[in-house]
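For reference, the structure discussed in these notes is given below.
The values are calculated or read from the model by the stated rules, or taken from the named source; none is laboratory data. Only a predicted model underlies this, so the values are computations on that prediction, with no experimental measurement involved. Positions of Cβ are backbone-derived with ideal geometry, glycine not excepted, and every protein chain shown enters the neighbour counts. Protein only, heavy atoms only, side chains kept; ligands, DNA and RNA dropped before computing areas. Shrake-Rupley method; radii C 1.70, N 1.55, O 1.52, S 1.80 Å.
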Amino acid sequence: MRTKLLLASLFSVAVQQTVPAQIDINGYTTVNMTMGTSYQNRVFFDLSANNTVSQPANMWDIAFYRNSSMNFGTRINDAQNIEVYQASGNPNDWSAITTNNVSAYGSPLYNMDNTTSIQKGAFEQGTATYGWGEYNPGNHHIEGKVIFILKYASGIYYKFMIDDYFGGYTFKYAKWNAATSSWDTTVSKTIANGSDDAYFNYFSLATGNQVAGLEPYKTNWDFMFTRYWTDYPYIDPNTGQPATMKYRMSGVIQNTNITVAKVQPETQATMTSTLPASAAFSNNITAIGHSWKPTMGVYSDVVYYIKQGSEYYRMYFTSNEGSTTGNMYFKYKNITSVLGVTDVSGKKASFGIYPNPAAADQKVTVLFDVKEKLNSKGNVEVYELSGKKVYSAELTNQTGFYKQDLNLSHLSSGAYLVKITFGGQIETKKLIIK
């Protein structure tokens, strides 16, 4: 089983901006986000703070996952347009690899984009059990077994290998010297995971140093606008059959602390919202990705619902100007209050009712986010203001995000109280039926 797989506080290399909120008539915040000409910047965005952090995208080559001492992985900087080739599965071949010719090494390896693990990079696609290495049960290290060659679009080549992982990474590399047609002297480095509250440590092969300040704290961003490779679908002109090719996109990689549901078609500019089914929410890192845009422009009927803890957001894109400007404008709104989400049972669960108000012939849904499974099932009851119970149902005893429909079609217009009992705690909400 492959283990899964981004660092630090920000300073001079980053531009951090919290702008005054531009709110439209539907209550949506407008974000005029840009990656710059030719997508020259990587941009982080925080929904709760309406905060943008932008930095040059070409300041690093390899990111080492440092979020856990027991978990590891990497990412190649796709903004650098690097192709990764496995040159050998035998670490003893390091000195024997004397050429930069990659033609015999098969297809290049890329960071995964269709994954829930942000640390599944190109090196993790190698032939060893963990991509680049094997687990040693004697010392609990991951020991490097695979040698890679990194080919840059600029014509630069590096030979690279991770030697060891144990609370940090020991690796070595050598740059191809075109003048002598040989590899320069091998350089060895060790980067400890450290204690910064970020996913990755970053390293520049060009400078030979770790680069600090390239990632906000994990809790301070939701979206990362960046370059990444994907399997782009097309119709093969020779066969007329569907096929895919590797293509470098610009789009969104999401933080692993959120889940996203895409809805299409749906009216974008509206004051109302209907939360998708729980199964529609995904923690795939490119659940948003580039799915909001065709080759140019944006899809005018695509909407995303974002779940962040007990908060819910709705967003959609309004502009895509391509590499000419790197502008990607979008709007978003915190819809938690619209859903009426309330924490119950000592933060073990939250629930909301929608729509509220509801039409007399309209289905009413109770939304649940259960963080901890309890021994007993809960229940939902609906009362008239006089105290008469008019509806009762048992709640599913499960963890996670789900919803339960209430058939209240027999109720007349008026005000009601919805009582949720869960884990020995009781919460009530007012429901209006029009």
Checked segment 133-217 against the a/c 1.5 cut and the a/b vs b/c comparison, axes a ≥ b ≥ c from its Cα gyration tensor; verdict oblate
Taking the dipole of the chain about the Cα centre (Lys, Arg +1; Asp, Glu -1; charges at Cβ), the one of Ile97, Tyr305, Ile191 that reaches farthest to the positive side is Tyr305
Nearest-20 debye value, segment 132-274 charge dipole, Cβ charges on Lys, Arg, Asp, Glu = 420
Considering the options Asn177, Ile253, Tyr165, tell which one lies farthest towards the positive end of the dipole of segment 135-291, charges being +1 on Lys and Arg and -1 on Asp and Glu at the Cβ, about the Cα centre.
-> Asn177
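What dipole magnitude, in Debye to the nearest 20, does the chain give about its Cα centre under +1 on Lys/Arg Cβ and -1 on Asp/Glu Cβ?
So the magnitude is around 620 debye.
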Probe 1.4 Å, accessible area per residue of the chain, Å² | 44
Estimated inter-spin distance, Lys419 and Asp164, nm [label 7 Å along Cα→Cβ] | 6.4
Accessible-area composition of the chain, carbon plus sulfur, in percent [1.4 Å probe] | 49
To the nearest 500 deg cm²/dmol, what mean residue ellipticity at 222 nm is calculated for the chain from DSSP H runs of n ≥ 4 alone, each contributing -39,500 (n - 2.57), summed and divided by the residues?
-> 0 deg cm²/dmol
Centroid-to-centroid separation of segment 204-274 and segment 47-120 [C-alpha atoms, Å] | 16
Mean projection area, nm², convex hull over Cα of the chain | 26.2
Applying 1/(1 + (r/R0)^6) with R0 = 51 Å to the Cβ-Cβ distance of Ala96 and Met296, what FRET efficiency is obtained, to the nearest 0.05?
-> 0.60
Considering lysine pairs in segment 99-242 that are 8 or more places apart or on different chains, how many have Cα atoms under 14 Å apart?
-> 8
Distance in nm between pseudo-label sites at Glu427 and Ala269 (7 Å out along the Cβ direction from Cα) = 3.4
